[in-house]
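A short write-up of the structure that comes next.
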Amino acid sequence: MSTAMVEAQGVRKSFGPVEILKGIDLRVEKGSVTCLIGPSGSGKTTFLRCINHLEKVDAGRLSVDGSLVGYAERNGKLYELKEDQTAQARLDAGMVFQRFNLFPHMTVMENILEAPVRVQKRPRAEVLKEAQVLLDRVGLGHRGDSYPQELSGGQQQRIAIARALAMKPKLMLFDEPTSALDPELVGEVLDVMKDLAEEGMTMVVVTHELAFARQVSDQVVFMDQGVVVESGPPEQVLGSPVHERTKSFLSKVL
Ligand SMILES: Nc1ncnc2c1ncn2[C@@H]1O[C@H](COP(=O)(O)OP(=O)(O)OP(=O)(O)O)[C@@H](O)[C@H]1O
């Protein structure tokens, strides 16, 4: 049985005439942490959005936990997923975005309950109990009745993580989760992510936090201009990269 949570082979994606992903090959093992690094515009966010069914792959194979993203297989044939099936599949991956995208008109608790109750149709009382545990876990057990704007950016991002976890995702995708935060708030979000990693959550993290990548990831992937240039353990890719493009990028950011 495959131990891959995410498998990408030759994944391509264009927006209009511009090809953004030019054949991504990548494998993410279950229970591992992968950090995606690379210059702005290299396609990291687009790739995350493809994993989460937020974008449709144009060509290549992309699977999450053995299921092809965007397609279902029946009698040896591939069928495109219908919209409701895509929405369902989207719940496989919890996503945390750069800017805290909590619903501003809902309390913290309502934010967390929304998808499990409305989309997953799970009993409210059951989800409520789990949500309280999740809030405690991100250190905000007392803020369930607050509105997002009453919280700091770091607190909002911790709520966004709790909200994603409430859907019981198979993997978590993080798109530069700390880059919109004041520097003193970065650590509290990274600490929650470190705990998640220690608990064995499969994570794909787009980040510029190289110290975090070095400390937490099993695999660092350097992307540039829509391809994976180099990947491997953090000490290799960040410590002694092979490719000139990786070296040049790291010399600018380290
Ligand atoms: N929906 C879209 N329509 C058109 N172009 C898009 C769309 N989404 C992304 N792009 C373009 O795709 C390119 C790659 O963007 P992407 O956000 O994936 O890169 P990135 O590596 O995550 O960069 P960053 O670190 O700046 O977020 C950019 O030039 C962006 O403008």
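Going by accessible surface with a 1.4 Å probe and the largest first, Asp218, Asp145 read Asp145, Asp218.
First check a/c for the chain, with a ≥ b ≥ c the square roots of the eigenvalues of its C-alpha gyration tensor; if it is under 1.5, answer rounded, and if not, answer prolate when a/b is larger than b/c or oblate otherwise. Don't skip to the end; give the middle numbers.
Working: a/c = 1.86, a/b = 1.20, b/c = 1.56.
Here the chain falls in the oblate category.
Taking Phe97, Phe222, Phe103 and ordering them by how much accessible surface each has at a 1.4 Å probe, largest first, produces Phe103, Phe97, Phe222.
Counting only protein heavy atoms and a probe of 1.4 Å, the accessible surface of region 121-225 is 47% carbon and sulfur.
Would you calculate, for the chain, the mean residue ellipticity at 222 nm contributed by helices, counting each DSSP H stretch of 4 or more residues as -39,500 (n - 2.57) and dividing by all residues, to the nearest 500?
Using -39500 (n - 2.57) per qualifying helix, the result is -9500 deg cm²/dmol.
Full extension of the segment from Gln98 to His208, taken as 0.36 nm per residue of separation minus the current Cα-Cα distance, would add 38.4 nm.
For region 29-64, the residues whose amide N sits under 16 Å from a probe point set 7 Å from the Cα of Glu198 along the beta carbon direction are 33.
Cα-Cα over 20 Å: which of Lys44/Lys252; Lys44/Lys247; Lys22/Lys82; Lys121/Lys194; Lys194/Lys252? Long pairs (Cα-Cα over 20 Å): Lys22/Lys82; Lys121/Lys194; Lys194/Lys252. Carbon-plus-sulfur accessible fraction, region 1-83 (probe radius 1.4 Å, protein heavy atoms only): 47%. Between the C-alpha center of region 1-55 and that of region 201-252 there is a gap of 14 Å.
Using a cutoff of 8 angstrom between alpha carbon atoms and counting only pairs six or more residues apart, the relative contact order for region 124-182 works out to 34 percent. For the peptides 27-39, 48-60, the ranking by mean Cβ contacts within 10 Å, running from highest to lowest, is 27-39, 48-60.
At a probe radius of 1.4 angstrom, the accessible area of the chain per residue rounds to 48 square angstrom. The alpha carbons of region 42-81 give a radius of gyration and a Dmax of 10.7, 37 Å, in that order. Between Tyr147 and Ser40, the distance separating the two model label sites (each 7 Å from Cα on the Cα→Cβ line) works out to 3.2 nm.
The values are calculated or read from the model by the stated rules, or taken from the named source; none is laboratory data. Everything numeric here is computed off the predicted structure, so don't read it as measured data. For neighbour counting, all protein chains shown are included, and Cβ atoms are generated from backbone atoms with ideal geometry for every residue, glycine included. The accessibility values were calculated without ligands, DNA or RNA, using every heavy atom of the protein model including side chains. Shrake-Rupley method; radii C 1.70, N 1.55, O 1.52, S 1.80 Å.
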